[in-house]
Amino acid sequence: MDASIKAMLLRHGTLNPVTVASLVAVVAAFGCSFTRDLDPLQAGDDLVTGTGGRVGQGGADTLGGTAGADLVGGMSGELGGAPGTGGGPEGLGGDPGSGGDDPGLGGTSGTGGDDLGVGGTSGTGGDDPGLGGTSGTGGDDPGTGGEGTGGDDPGTGGEGTGGVTGDCTDGVTNGNETDVDCGGTECDGCLPGQACADQSDCAAVVNATVDCVSTTCDATCEGAWLDCDTDLETNGCEADSDADLAHCGGCSQTCDGVCEAGECCPSIPLQESLNVPAGGCFHIVDPTGVFVYVQQQRDGTTNIHWEDECGNSGDETITDYNAVDIPACSMTVWVDTAEEVGFTWWTGG
């Protein structure tokens with residue numbers, strides 16, 4: 001063992017000769033020098049003087065990284081050096097992201113040393129909002145995150161689409177139909193008896209007034225018109241009860257003569273008699289000759305009014321069984337009596 005090493009151990013002040021001799025024997029047993037075994041920890045001349053080892057260096061600051069680890073200090077006590085000091089005070093946060101058309105992303109926070117890490121600064125919004133930096137991971141205190149700034153304008157909602165439209169041929173009530181395949185704004189109007197919301201949902205009917213009554217389409221024949229064939233859909237109110245010989249004054253009321261304002265005026269054949277009811281009428285068809293002679297078959301006075309198909313008309317008074325002459329033409333004669341009276345006619349002149 002080198003005498004200078006022994007002398008150094010004795011100068012330390014805490015080792016006596018016996019202890020030094022023991023340490024030398026241990027080192028000799030491992031076949032190595034005492035100086036080389038201490039090389040990883042030595043700090044130059046500090047070990048010779050017996051003072052603490054040199055201060056270990058802190059880790060360098062990094063962007064967003066952790067502080068450097070402490071180096072291991074020199075041995076204390078008989079071998080000791082002074083303890084190493086800590087790393088740097090803080091890590092620095094990343095640079096802020098800048099927004100474009102898409103959000104800017106803030107820098108990631110630094111990891112703190114003894115003090116807090118500083119968060120990245122806010123991203124600047126473009127058309128969409130920027131996103132702030134995430135929070136720093138603190139040392140003693142938490143790091144502070146950056147704040148994002150919003151975009152320029154809010155988004156606008158899309159337009160709504162229309163409702164379902166009925167196809168008017170599918171055999172069901174859909175869309176805005178009021179009954180099966182009818183009504184509403186898309187389909188034909190509904191027939192009488194079908195459902196409706198208002199009059200516009202009902203189909204027009206010939207010679208009739210239509211309306212929506214208690215949510216049901218209704219048709220009322222106008223004037224003297226009648227629905228005698230009960231086919232409103234095809235021909236509406238088809239019968240004119242004022243003139244129709246098949247429906248004179250009502251459906252299926254036939255008339256052998258003329259129908260005048262719903263009253264049947266039966267024809268009287270030439271030289272035949274017909275009893276005419278009070279206030280009734282009769283018809284003379286296609287007389288020949290120059291005049292038509294009209295005679296009542298009773299005593300008393302009867303007033304008559306006549307209109308022919310030649311465009312003539314007149315009023316006459318018949319007394320007892322006498323006759324009056326009227327220019328020959330097909331005509332209708334109305335009688336003004338309070339009871340039934342028989343009449344006949346013939347031609348001449």
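The values are calculated or read from the model by the stated rules, or taken from the named source; none is laboratory data. What you see is a predicted model; the values in this text were computed from it and never measured. With ideal geometry, Cβ positions are generated from the backbone for all residues, glycine too; neighbour counts draw on all protein chains shown.
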**Message:** Condition first: over 27 Å from Cys237 (Cβ atoms), assigned by TED's automatic domain parsing to the domain that holds Asp229, in a loop (DSSP other than H, G, I, E, B) and at pLDDT 50 or above. Can you find one or more residues in segment 192-215 that meet it?
**Reply:** no
**Request:** Scan segment 238-273 for residues that are in a strand (DSSP E or B) and under 18 Å from Asp308 (Cβ atoms) and report the count.
**Result:** 8
**Residues within segment 222-234 that are at pLDDT 95 or above and touching a Leu at 6+ places or on another chain (Cβ under 9 Å), tallied** = 0
**Request:** Consider Asp315 carefully, then state whether it is free of Cβ contacts under 8 Å to residues at least 24 places away in the same chain, of a type outside the set (A, V, I, L, M, F, W, C), in a strand (DSSP E or B) and touching a strand residue (DSSP E or B) at 6+ places or on another chain (Cβ under 9 Å).
**Result:** yes
**Request:** Considering (1) closer than 30 Å to Cys221 by Cα; (2) more than 60 Å from the chain's Cα centre (by Cα); (3) not in a strand (DSSP E or B), say which one His283 fails and leave the rest.
**Result:** (3)
**Request:** Could you grab me the full set of residues in segment 324-349 that are closer than 16 Å to Pro277 by Cβ and either loosely packed, with under 12 Cβ neighbours inside 10 Å or without any contact (Cβ under 8 Å) to a residue 12 or more places away in the chain (or both)?
**Result:** Ala338, Glu339
**Prompt:** Checking Tyr321 against (1) without any contact (Cβ under 8 Å) to a residue 12 or more places away in the chain; (2) surrounded by fewer than 19 Cβ atoms within 10 Å (Cβ to Cβ), which test does it fail?
**Reply:** (1)
**Fill in**
Out of (1) outside any strand (DSSP E or B); (2) of a type in the set (S, T, N, Q); (3) not assigned by TED's automatic domain parsing to the domain that holds Cys182, the one Thr234 does not meet is (3)
**Asked** Asp229: without any contact (Cβ under 8 Å) to a residue 40 or more places away in the chain, of a type in the set (D, E, K, R) and either touching a Phe, Trp or Tyr at 6+ places or on another chain (Cβ under 6 Å) or part of a loop (DSSP other than H, G, I, E, B) (or both), yes or no?
**Response** yes
**Request:** Residue by residue through segment 179-194, note down the ones that are under 20 Å from Thr230 (Cα atoms) and among the small types (Gly, Ala, Ser).
**Result:** Gly189, Gly193
**Unique match (being touching a residue at least 40 places away in the same chain (Cβ under 8 Å) and either surrounded by fewer than 14 Cβ atoms within 10 Å (Cβ to Cβ) or under 30 Å from Asp188 (Cα atoms) (or both)) among Thr288, Thr234, Thr301** = Thr288
**Asked** From Gly163, Gly175, Gly158, Gly148, which residue is modelled with pLDDT under 95, assigned to a loop (DSSP other than H, G, I, E, B) and in the same structural domain as Val205 (by TED's automatic domain parsing)?
**Response** Gly175
**Item:** Residues of segment 303-312 classified as over 22 Å from Ala278 (Cβ atoms) and not in a loop (DSSP other than H, G, I, E, B), total
**Value:** 1
